[in-house]
Structures are given as structure tokens and as C-alpha cells.
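Only one structure is covered here, and it is reproduced in the block below.
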Amino acid sequence: MPTDPDDGRLIARAGEHICCSNGHPNFRLLAEARAGALIRSSELEAVNGMSVPVPKTDIQPCVVCGAAQYRIGPTGRVQFNIDGEWRGDGVFLDERTH
Ligand SMILES: [Zn+2]
């Protein structure tokens, strides 16, 4: 896993949502998320008709609009749309190697 000076920074609290790039809330976080750290499937509750991601598989697109659940940010690391705000350079979802 890459390291970055930003690693460890809190980027989402439990209860916040991972949204698709169009802002549909698709996963509720059951634990806090920190930059550079893994978000495990067991720490996600699927909402909005989604399924919890299966480790080592691609994340299901938004069932409402088909948009992606993450983007590659300006620094080349993964960001998630947390309740309408792109956060988290370097968050890893389960065992994916973004
Ligand atoms: Zn959507």
C-alpha cells in the first residue's frame, strides 16, 4: 500500500455515506475512515438498493444512475464522494489495489 504524508487523516466518520459521483448515497459507513487506510466490506452498510462490495472485485456502479463510486483524485489516488464532498486521497476499499 502506498504511503503519503496525509495518511491517517480522518476523512469520514461513522454514519456518513459513500455516494456515487452524482451524489446518490449508496453505502453508510459503520466505522470511521482514514486516508491511506482500508475500508472493509464489514464496515459498510449498503443502502439505496446497492450490495456491499465483494473483496477483490470491482465496485458495483450506482443502481440509480450507473455512475462510479469513486474517482481518481488530482494526486492520482482514490477519492470517495462522502455526502457530496470528494475526500480521502488514498482510501482503499477492502482488498482492492487501486
Ligand atoms: Zn448515482
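The values are calculated or read from the model by the stated rules, or taken from the named source; none is laboratory data. Remember, predicted model here, so these are calculated numbers, not experimental data. Quick reminder, even Gly has a Cβ in these numbers, built from the backbone with ideal geometry, and neighbours come from all protein chains shown. Heads up: the accessible areas ignore ligands, DNA and RNA and are worked out on the full protein's heavy atoms, side chains in. Shrake-Rupley method; radii C 1.70, N 1.55, O 1.52, S 1.80 Å.
Calculate one ³J(HN,Hα) per residue across the range 17-22 by plugging θ = phi - 60° into the Karplus curve 6.51 cos²θ - 1.76 cosθ + 1.60, and present them in order as whole Hz with x for glycine and proline.
Listing the rounded values in order: 10, 7, 10, 6, 5, 9 Hz.
CYS20 accessible area, nearest 10 Å², 1.4 Å probe?
So the heavy atoms of CYS20 present about 0 Å² to solvent.
Could you please put THR57, THR75 in sequence from largest to smallest accessible area, using a 1.4 Å probe?
Final ranking, largest accessible area leading: THR75, THR57.
To the nearest 10 square angstrom, how much accessible area does LEU44 have with a 1.4 angstrom probe?
10
If amide H atoms are built 1.01 Å from N in the plane of the peptide, which residues on other chains or at least 5 residues away come under 5 Å of the amide H of ILE39?
So ILE39 has HN proximity to PHE92, LEU93, ASP94.
Quick query: amide H of ASN26 versus all other amide H atoms, modeled in the peptide plane; which residues come in under 5 Å with a sequence gap of 5 or more or a different chain?
Result for ASN26 returns ILE18, CYS19, CYS20.
Please give me the summed charge of the neighbours of GLY15: other residues whose Cβ is under 14 Å from its Cβ, Lys and Arg +1, Asp and Glu -1.
Within the 14 Å Cβ shell, the charges total -3.
Could you work out how much longer the chain between ALA68 and TRP86 gets when fully extended? Use 0.36 nm per residue separation minus the Cα distance between them, nm to one decimal.
Gain in length upon complete extension: 5.2 nm.
Sort ARG28, ARG77, ARG13 by heavy-atom solvent-accessible area, probe 1.4 angstrom, most to least.
ARG13, ARG28, ARG77
How large is the accessible surface of VAL47 in square angstrom, using a 1.4 angstrom probe and rounding to the nearest 10?
40
Whole-Hz Karplus ³J(HN,Hα) for the range 34-40, in order, using 6.51 cos²θ - 1.76 cosθ + 1.60 and θ = phi - 60°, x for Gly and Pro?
Karplus-based 3J(HN,Hα) across the range 34-40 equals 10, 4, x, 9, 7, 9, 7 Hz.
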